[in-house]
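To start, the structure under review is shown below, and the notes come after it.
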Amino acid sequence: MKVKEVAALVGISVRTLHHYDAIGLLKPGHKTETGYRIYTDKELERLQQILFFKELGFSLKKIKEIMDSPSYNQIEALKVQQKMLLAKQKQINTMLETIEKTIKHSKGEIAMSNQERFKGFDFRSNPYEQEARERWGNEVEEANKKINNLSSYERKDLENSMIEIYCNLSTIRHQDPASEEAQQWIGMWFDLLNRIGTYSLTAFKGLGKMYVEDERFTKNIDKFGDGLAKFMQEAMAIYAAKHSAGQE
């Protein structure tokens, strides 16, 4: 298919496809002698993946990094995207319910509490908070305080960052957890956790252990890929040992 045909099929502009080509995100299968870009089924499959990631809020730079990774697997990526979109669907349905209740409240048909008014916007809830507090005490308390002080936009940014790291770790979870790529992403996970708390390397390692010991943590993390919780636990232990040694 020529570039104009692809643009018409997908509903994006020719200029967008040219941009994807220029940054190396989506190269045409080949070009004719007259310079026409020709896209095959292979490029259309890649474009579909790109648009799924884009819909989920990933930057073009990050999409390219993910899809160009040697460990990238299309089927696994689709499964992750499916789970993320289902989670997004659930959130949207909750917000639609909130809108419906707000309309009825505005008409005087029902009474609406402040908690109901903002249902679907709040990302502070943590089903494991009590157990985490019991295990990590002040570190988790400090994290909760920081999260509570974030604006809704900052909490959304935090959530997107967490999902992004989960997805990237999921695509490489069959690699050695000590690999450079795995340790780079797990280091980003450590840094992210310390944006909302003060996690020592010991606590970081312990948190990873909880990921596999508590089936609820495991189930939640493995939504992004079977075995991800175990992979993260091993990578976190390696990261903690490596950086603890570096501090001695």
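Within the range 88-103, can one find any residue that is open to solvent by less than 50 Å² (accessible area, probe 1.4 Å), at positive phi, under 20 Å from the mean Cα position of the chain (by Cα) and modelled with pLDDT of 50 or more?
No: the range 88-103 contains no residue that is open to solvent by less than 50 Å² (accessible area, probe 1.4 Å), at positive phi, under 20 Å from the mean Cα position of the chain (by Cα) and modelled with pLDDT of 50 or more.
Show the residue pairs that are 6+ apart or on different chains and have beta-carbon atoms under 9 Å apart, the first residue being within the range 1-17 and in contact (Cβ under 8 Å) with a residue 40 or more places away in the chain, the second being open to solvent by less than 40 Å² (accessible area, probe 1.4 Å) and acidic (Asp, Glu).
1/43; 6/43
Quick check on the range 104-137: of everything there that is of a type in the set (Asp, Glu) and part of a loop (DSSP other than H, G, I, E, B), which residue is modelled with the highest pLDDT?
Out of the qualifying residues, it is 109.
If you go through the range 9-25, how many residues are open to solvent by less than 30 Å² (accessible area, probe 1.4 Å) and either modelled with pLDDT of 95 or more or assigned to a helix (DSSP H, G or I) (or both)?
3
Could you tell me whether residue 6 is touching a Cys at 6+ places or on another chain (Cβ under 6 Å) and crowded, with 17+ Cβ neighbours inside 10 Å?
Criteria not met by residue 6.
Within the range 189-202, is even one residue of a type outside the set (Ser, Thr, Tyr), without any contact (Cβ under 8 Å) to a residue 24 or more places away in the chain and in a helix (DSSP H, G or I)? Talk me through it step by step, then tell me what you get.
First, the residues of the range 189-202 that are of a type outside the set (Ser, Thr, Tyr): 189-197, 201.
From what's left, without any contact (Cβ under 8 Å) to a residue 24 or more places away in the chain: 191, 194.
Checking which are in a helix (DSSP H, G or I) leaves us with 191.
Yes; the residues of the range 189-202 include at least one that is of a type outside the set (Ser, Thr, Tyr), without any contact (Cβ under 8 Å) to a residue 24 or more places away in the chain and in a helix (DSSP H, G or I).
As an exercise: evaluate residue 51 against (1) at pLDDT below 90; (2) under 22 Å from the mean Cα position of the chain (by Cα) and give the number of the one condition it does not meet.
Tallying (1) at pLDDT below 90; (2) under 22 Å from the mean Cα position of the chain (by Cα), residue 51 fails exactly one: (1).
The values are calculated or read from the model by the stated rules, or taken from the named source; none is laboratory data. All figures in this text were calculated on a predicted structure; none of them were measured in a lab. Please note: Cβ atoms are built from the backbone with ideal geometry, for glycine as well, and neighbour counts cover all protein chains shown. The area values use the complete protein model at the heavy-atom level, side chains included, leaving out ligands, DNA and RNA. Shrake-Rupley method; radii C 1.70, N 1.55, O 1.52, S 1.80 Å.
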